[in-house]
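Below is one structure, written out as structure tokens; the observations come after it.
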Amino acid sequence: MLELLLFPPVLRGFLSLLIAGFCLPVTGIFILRLNLLNLRFMLMHGVMLAGAIALSASLDPLLCAVGINLVLVLLITAMSRRSSIPTGGLTTFFMVICVGVAMLLIYKNRVPVQDTMNLLWGSIFALTQRDFYFLLFFCIVILLFIIFKYRQVAAVLIDPETAGTAGVNEPLLFYMIMILTGISIAFAMRLVGALLLDALVLLPAMTAVSFSRSMKSMFITAMVSGLIFSLGGFFLALKADLPVSSGVILVAGVCFGIIYLIRTVYEKNN
Amino acid sequence: MNRVLEVRNLHVRRQNRNVLQGIDLVLEKGEAAVLSGSNGCGKTTLLRCIAGLLSHETGSVSLLGKDWNSSEWKRERHQLAYVSQEQQSRDFPVTVEEMASTGLAGSRMKARERKNVIHKALDETGCLDLKDRYFFSLSGGERQRVALARCLCQSARILLLDEPLTYLDKEGRQAFSRLLEKIREDHGITILLVTHTEDDLNAAGWRRIHMKDGRLVSC
């Protein structure tokens, strides 16, 4: 089975999955703590729009997804901070717009249905060398951000208002968190697809929240869980001849279920 | 600098309603004041305007002689600590020590020095034994003490507390007000506390300010 890793696309996909599995759960914690679940859903639709644009105009799908998500998070963050419109309403509005424009582009440009469906599944083996380096660079940015800005990020995640009064540049940090979240969703869509990106981003974070008692241990647990889910999912997929994204979600789902059960039993007995 | 907080002719309008109407308030160094009034009279809005969390239409707010919107004040914002009513009730893995350390999030202190400051603040508020405990497993009174430890870490000179007594029983309220008094004496901090249960606050010598319909009626 390991000889498959001698093929460059397989090795590249494998390494990409491990790197993403280790780093993207950091943004999963941002999503959970700042209650950005609606936003993440809207960003998934943003990636679908990006895919439709890329297929229609023969552009790079990953760059399009990163660009569209960047525009969307900046727009929504600026609008929600400067007006009294609820973020939920804004995300729903942009989500509908994204799907509508995507459908229009697909219909008008006669994009083949199969190509459109590929947007929903993603594929780690379809990553180009450039995609790989781009992902690597982005993951290094996430790691540097969380290492060098840990105290400020933790303060914002605990309470944005008191972080601001403690001298943290809360607006800047919040924008950075939103930008990293937007780009993470774009990468996760490319790797495992729209339907399964939560396995890579959210499930490790949810596992960590159930399992940890401190902020620091939560970040570490999320990253290690993401790595284990990716590694386990990849080899399960090869062994059982499954799509890699399904392998990851199976491992992640089973692990999360076991940890949730352990926590429930522990809480009942204490 | 004796005049720590100066609010002049403050007006705030929200959703076609005058929430604050011409507020004038001055607090001196080390002074403690209780701001009371019925629900919806504008107490929290005033506190949030002073904390810089809400903008105002007209009037001015000066803290330690600097306008709240000036770059000079923004650089020294850590001198004001704000404890909100809700204390972030959503469950999330945070220890007591981590919660208190958010007061130092904007500082450039070295790790060892930071730890000493946090432990000293937790000790002063009687929370040092709780430092490794999960914050959301604490009682309401313990959470408020940790919030005070966070403010001490911040080396705040002005402390704004929004209804800190709400979730405490009578004994808890009295213990909390004794702790506040001790902190004020030891650190010379200026305190402005919002409450609607003034009677339970054991705060002899505190200035009483009453608010009604967006105006200060006794000051």
When residues of region A:182-215 are limited to those that are touching a Ser or Thr at 6+ places or on another chain (Cβ under 6 Å), small (Gly, Ala, Ser) and more than 10 Å from chain B (Cβ to nearest Cβ), the one nearest to B:Leu148 (Cα to Cα): A:Ser184
Near pairs, Cβ below 7 angstrom, 6+ apart or cross-chain, from region A:157-181 (facing chain B (nearest Cβ under 7 Å)) to any residue that is buried (at least 19 other Cβ atoms within 10 Å of the Cβ) and of a type in the set (Phe, Trp, Tyr): A:Glu161/B:Tyr82; A:Thr162/B:Tyr82; A:Thr165/B:Tyr82
Residue that is open to solvent by 70 Å² or more (accessible area, probe 1.4 Å), part of a loop (DSSP other than H, G, I, E, B) and polar (S, T, N, Q), where the choices are B:Asn69, B:Asn116: B:Asn69
From B:Ala121, B:Ala100, B:Ala156, residue being part of a loop (DSSP other than H, G, I, E, B), touching a residue at least 12 places away in the same chain (Cβ under 8 Å), of a type in the set (A, V, I, L, M) and buried (at least 18 other Cβ atoms within 10 Å of the Cβ): B:Ala156
Residue list for region A:71-128, restricted to those being among the small types (Gly, Ala, Ser) and open to solvent by 70 Å² or more (accessible area, probe 1.4 Å): A:Ser84
Residues that are part of a helix (DSSP H, G or I) and at the interface with chain A (Cβ under 9 Å from one of its Cβ atoms), drawn from region B:80-97: B:Glu97
Whichever residue in region B:48-62 is farther than 13 Å from B:Gln21 by Cβ and in a helix (DSSP H, G or I) and, among such residues, is nearest to the other protein chains (Cβ to nearest Cβ): B:Arg48
Counted residues, region A:204-214 - those being in a helix (DSSP H, G or I) and surrounded by fewer than 24 Cβ atoms within 10 Å (Cβ to Cβ): 4
Pick from region B:102-139, criterion among the aromatic types (Phe, Trp, Tyr) and over 16 Å from A:Ala155 (Cβ atoms), ranking: nearest to the other protein chains (Cβ to nearest Cβ): B:Tyr134
Answer residue from region A:129-152, given it is surrounded by 17 or more Cβ atoms within 10 Å (Cβ to Cβ) and among the aliphatic types (A, V, I, L, M) and is farthest from the other protein chains (Cβ to nearest Cβ) among those: A:Leu135
Qualifying residues in region A:217-241 (those that are farther than 16 Å from A:Leu5 by Cα and open to solvent by 60 Å² or more (accessible area, probe 1.4 Å)) - the one nearest to the chain's Cα centre (by Cα): A:Leu227
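The values are calculated or read from the model by the stated rules, or taken from the named source; none is laboratory data. Being a predicted model, the structure only gives us computed values, none of them experimental. Glycine also receives a Cβ, built like all others from the backbone with ideal geometry; neighbour counts cover every protein chain displayed. Just so you know, the surface numbers come from the protein's heavy atoms only, side chains and all, with ligands and any DNA or RNA stripped out. Shrake-Rupley method; radii C 1.70, N 1.55, O 1.52, S 1.80 Å.
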